[in-house]
Amino acid sequence: MNLDEVKAFLTLAEELHFGRTAERLYLSQPRVSRLIASFETEIGGALFERTSRHVRLTPLGARLLAELQPSYEQMQIALSHACDAARGLTGRLRLGCLVTVGGPALTGLVKEFCQRYPDCELTLETVQTQDPYTPLRRGEIDVLVSLLLAEEEDLTLGPVIECRDRLLAMCRGHRLAARESVSLEDLGDEEVHENAPSFPKALYDALVPPITRAGRPIRRTYPWLSDDDVLTAVARGRIVHPTMAGTALFSRPDLVLIPFCDLPRTPIGLVWCTAHENARIRALSEVATGFEPTRPQRE
């Protein structure tokens, strides 16, 4: 089967106009007509209904489109990846990381990528927790290792490299400190910090829900000036703080970490600007896809 015929079919199925299809493919209109006719001969049936005013897919054409298009797109991706591999991956890949998500999974990802692509320079830098996406959007980093809990229209959520249990941090004398576990409902009796203006609202709501399952509001009262200030407020008993296992910031003797019994684990993985995607980002994503999500032990 001729790939030119396949491309002509897919383009005409989208445009439903021979003239526009010819323009997109940089072909003459008669050439497009011949490709479609040849394709229909090979299939053994009409794929389009043609009149002087309209072009429509036949039921056979619609079915072929639904089954063929995903395979064609996958083939294009495979060819692009093969070209990248044949040329070798070079240049620099700037990887940003929130301070709360560093750990063995990230270290393993960086090590594996550097082994596979020794000619590509990978740099790693810390991104401020309060403003995680601005460096991506400004092009200061290429990929961010972050929490995959909320979507943004211009960002791609990539593969997960690990999952972490949800914990509640509190001072040692807190009323919940002796519990084996806590629930989201317990937060209805506590106070937490406010969201920072620069932190994505959807992501904050996923981390610190605005209400309990019973509909009680979770009071967001303490200003989020810095991570250290929040930690101090937790240690003093002013607030509690929902966090994750494996977060080194909370490994302190004056804090207690209690697991949530009713919140799902937090996925951590790659995020990048969709419009900025390139061969280096795709290569890192492929390496990350091979990782098995792990569960860090609670401190």
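Quick notes
- Scanning the stretch 92-114 for residues that are buried (at least 18 other Cβ atoms within 10 Å of the Cβ) and hydroxyl-bearing (Ser, Thr, Tyr) gives a single hit, 100.
- Contact map, the stretch 44-64: first residue in the same structural domain as residue 20 (by TED's automatic domain parsing) and closer than 15 Å to residue 20 by Cβ, second residue aromatic (Phe, Trp, Tyr) and surrounded by 15 or more Cβ atoms within 10 Å (Cβ to Cβ), Cβ cut-off under 6 Å, separation 6 or more or different chains; pairs are 55/48.
- Of all positions in the stretch 85-108, none carries a residue that is without any contact (Cβ under 8 Å) to a residue 24 or more places away in the chain, charged (D, E, K, R), in contact with a strand residue (DSSP E or B) (Cβ under 6 Å, 6 or more places away or on another chain) and not in a loop (DSSP other than H, G, I, E, B).
- Residue match in the stretch 89-100 (condition: farther than 26 Å from residue 144 by Cβ, aliphatic (A, V, I, L, M) and either modelled with pLDDT under 90 or more than 23 Å from the chain's Cα centre (by Cα) (or both)): no
- Restricting attention to the stretch 270-299 and to residues that are of a type in the set (Val, Ile, Thr) and exposed (fewer than 15 other Cβ atoms within 10 Å of the Cβ), the residue that is modelled with the lowest pLDDT turns out to be 289.
- Checked against (1) surrounded by 11 or more Cβ atoms within 10 Å (Cβ to Cβ); (2) assigned to a helix (DSSP H, G or I); (3) not β-branched (Val, Ile, Thr), residue 82 passes all but condition (1).
- Listed by first and then second residue, the pairs linking a residue in the stretch 244-257 that is closer than 16 Å to residue 97 by Cα to a residue that is part of a strand (DSSP E or B), with Cβ atoms under 7 Å apart and 6 or more places separating them unless they lie on different chains, are 244/164; 244/166; 244/167; 244/266; 246/164.
- The combined condition, being at pLDDT 95 or above and either of a type in the set (Gly, Ala, Ser) or assigned to a helix (DSSP H, G or I) (or both), is not fulfilled by residue 68.
- Cβ separations smaller than 6 Å between residues 6+ apart or across chains give no pair from the stretch 126-151 residues that are under 8 Å from residue 96 (Cβ atoms) to residues that are of a type in the set (D, E, K, R) and crowded, with 22+ Cβ neighbours inside 10 Å.
The values are calculated or read from the model by the stated rules, or taken from the named source; none is laboratory data. Just so it is clear, the structure is predicted and the values come from calculations on it, not from any experiment. Ideal geometry is used to build each Cβ from the backbone, glycine not excepted, and the neighbour counts take in all protein chains shown.
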